[in-house]
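The values are calculated or read from the model by the stated rules, or taken from the named source; none is laboratory data. Owing to the predicted nature of the structure, the values given are computational and were not obtained by experimental measurement. Virtual Cβ from ideal backbone geometry, glycine too; neighbours counted across all protein chains shown.
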Amino acid sequence: MKHTLSVLVEDEAGVLTRIAGLFARRGFNIESLAVGPAETTGISRITMVVPGDDNTIEQLTKQLYKLVNVLKVNDITQTPSVERELMLIKVNASAANRAEVIELVQVFRAKIVDMSEETVTVEVVGDPGKIVAIIQMLNKFGVKEVARTGKISLIRESRVNTEYLKSLEAKL
């Protein structure tokens, strides 16, 4: 299972290296990583997606807390949260299929940020499922390049699980 960890750290040189080293020494891959300033000056938030079972993640969390600059670690995998990714994707778009590509981009509420005679570059912001879905749809045109950020996530203060609500609506 993939777990999403939200880690607050002191904003100092070498913190990310120490965290990555901890994962590397234990043979764990970090599938997604995003780092940026948090709400407090001098504090950064690291959001990472890592594979592992609950026991493994619990052990990794304990190891993270042993690092000097780590302030707080939350496994927010099962917590209702808002998740987003950013992706730039360059797709083949000749005169013959350009209208279809543009229509698809509009359906996903994405933006065209660059266009040439043979390609269209699209910016997509959304939850990880939206990112995967648009890639699958654009593959038929020929994807030339993809650049994705790591997932970022914040806990929903309302504690409302929108995925659960979507599943209830689907049953109705």
Test result for N29, in contact with a Pro (Cβ under 8 Å, 6 or more places away or on another chain), over 19 Å from I155 (Cβ atoms) and either of a type outside the set (D, E) or at pLDDT below 95 (or both): yes
Condition check for I19: in contact (Cβ under 8 Å) with a residue 12 or more places away in the chain, out of contact with any Phe, Trp or Tyr (no Cβ under 9 Å at 6 or more places or on another chain), under 30 Å from V120 (Cα atoms) and assigned to a helix (DSSP H, G or I): no
Residue tally, condition of a type in the set (G, A, S) and over 30 Å from L154 (Cβ atoms), over the range 90-141: 6
Residue identified as modelled with pLDDT of 95 or more, more than 12 Å from L86 (Cα to Cα) and exposed (fewer than 13 other Cβ atoms within 10 Å of the Cβ) among V120, V113: V113
Residue within the range 24-31 that is among the aliphatic types (A, V, I, L, M), outside any loop (DSSP other than H, G, I, E, B) and either touching a residue at least 40 places away in the same chain (Cβ under 8 Å) or crowded, with 16+ Cβ neighbours inside 10 Å (or both) present: no
